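Trainee: This is the structure, below, for whatever I ask next.
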Amino acid sequence: MSLLVVGTVAFDAIETPFGKTDKIIGGAATYISLAASYFTGNINLVSVVGDDFPAATIKDLNRHGINTDGLQVKKGQKSFFWSGRYHNDMNTRDTLDTQLNVLLDFDPVIPEAYQSCEMLMLGNLMPQIQKKVIERLHNRPKLIVMDTMNFWMDTQMASLMETLAMVDVLTINDAEARQLSGEYSLVKAAQKIIGMGPQMLIIKKGEHGALLFNKDQVFFAPALPLEDVFDPTGAGDTFAGGFIGHLARTRDISFDNMKRAIIFGSAMASFCVEKFGTERIIGLNQEEVDDRVQEFVDLVQFDITLV
Ligand code: AMP
């Protein structure tokens, strides 16, 4: 089973109540593919960076089994840059700066070897580029998952709606679900968004877990209560990477298997927030991942006998 991941590979500058970073490695596709690499091989990345992007980071991705033949490196151009500051609750943040740079004229090229991909993860990116990727695949993948954010709702709602109509699963956070649907109730928001195209919706609620909806069912997974949360950046993408990584490994896209995928995604996201940037999700070992998943199982397991 091969997985195609598209999204930003970027520099971020982050401020949280616990500290501040200069330019560090970030980007939605970086987090997604790193997280997915703990579950499946054959991960193919399509993105673009400038020649300011460190070759050592591309090697780190390769060491995780991620194929970067589809990562364009543009000479004389700068990589995408995003900067954000988290509020004291660590669940909400302000974007301080978004510099599209190399993304402005990004034309995604899908290498021939990627064409047979069975699953497509469209990480956060301009919606018209996400759409172009779908159109440039000779065969529609078995599953298309899309992530997006308020920035694109504010600036490119019309093309976001076009892309949304072409995907199977959308992942967004609760504020974005409310913005997209105009509904406060997440149940009503989910039904409206499902009416826009995707059959499934995942609403991420940060430290309050995640909800999975289809037309008739709903599933909830908590987030692991953690002692230390340093930086939530990339948690949503890391979640998406664990989610699709599990689906790619098992080749099963039933609602029941998506419930399990949400637990794997949540486990990966719980690592991500423990350190700044990608630091914690590079070089984990299988035992650490398995132990973290077991903590989730233990967290929510209980016996009830109804009298
Ligand atoms: P998350 O915290 O999961 O929402 O993802 C944060 C990552 O998304 C950062 O590493 C950023 O580089 C990237 N990012 C921020 N804004 C955008 C945007 N408008 N489009 C694509 N990627 C973005």
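Trainee: Given (1) part of a helix (DSSP H, G or I); (2) at pLDDT below 95; (3) away from the ligand (no atom under 16 Å from the Cβ), identify the lone condition not met by Glu287.
Mentor: The one condition Glu287 does not meet is (2).
Trainee: Hey, can you tell me all the residues within the stretch 1-22 that are loosely packed, with under 14 Cβ neighbours inside 10 Å and under 19 Å from Pro54 (Cα atoms)?
Mentor: Across the stretch 1-22, the qualifying residue is only Asp22.
Trainee: Can you tell me which residue among Met161, Met153 is within 13 Å of the ligand (Cβ to nearest atom) and either in a helix (DSSP H, G or I) or buried (at least 16 other Cβ atoms within 10 Å of the Cβ) (or both)?
Mentor: Just one listed residue meets the conditions, Met153.
Trainee: Name the residue that is nearest to the ligand (Cβ to nearest atom), counting only residues in the stretch 17-32 that are part of a strand (DSSP E or B) and at pLDDT 95 or above.
Mentor: Gly26
Trainee: Now for a different question. Are any residues in the stretch 166-199 assigned to a helix (DSSP H, G or I), of a type in the set (S, T, N, Q) and more than 16 Å from the ligand (Cβ to nearest atom), and if so, which ones?
Mentor: Listed by number, the residues that qualify are Ser181, Gln191.
Trainee: Return the residues of the stretch 52-70 that are within 18 Å of the chain's Cα centre (by Cα) and within 15 Å of the ligand (Cβ to nearest atom); say none if nothing qualifies.
Mentor: Residue satisfying the conditions is Leu61 alone.
Trainee: Let me spell it out: the conditions are (1) open to solvent by 20 Å² or more (accessible area, probe 1.4 Å); (2) assigned to a strand (DSSP E or B); (3) touching a residue at least 24 places away in the same chain (Cβ under 8 Å), and Gln77 meets all of them except one. Which number is the exception?
Mentor: (2)
Trainee: Another one. Cβ contacts < 7 Å: first residue closer than 25 Å to Met196 by Cα, restricted to the stretch 213-236; second residue hydrophobic (A, V, I, L, M, F, W, C) and within 16 Å of the ligand (Cβ to nearest atom), any location; separation 6+ or different chain. Result?
Mentor: As it stands, the answer is Phe219/Ile262; Ala221/Ala210; Ala221/Ile262, since those pairs meet every condition given.
Trainee: Taking the criterion of being surrounded by fewer than 24 Cβ atoms within 10 Å (Cβ to Cβ) and in a helix (DSSP H, G or I), would at least one residue in the stretch 236-253 satisfy it?
Mentor: Yes - at least one qualifying residue is present in the stretch 236-253.
Trainee: Right, next: From the list Phe255, Phe271, exactly one residue is under 27 Å from Gly65 (Cα atoms) and out of contact with any strand residue (DSSP E or B) (no Cβ under 7 Å at 6 or more places or on another chain). Which is it?
Mentor: Phe271
Trainee: Of the residues Asp97, Asp89, Asp107, only one is surrounded by fewer than 16 Cβ atoms within 10 Å (Cβ to Cβ) and in a strand (DSSP E or B); which?
Mentor: None of the other options fit; the residue is Asp97.
The values are calculated or read from the model by the stated rules, or taken from the named source; none is laboratory data. From a predicted model like this one, the values you see are computed outputs, not experimental measurements. Backbone-built Cβ (ideal geometry, glycine too); neighbour counts: all protein chains shown. Keep in mind that these areas ignore ligands, DNA and RNA; they rest on the heavy atoms of the full protein, side chains included. Shrake-Rupley method; radii C 1.70, N 1.55, O 1.52, S 1.80 Å.
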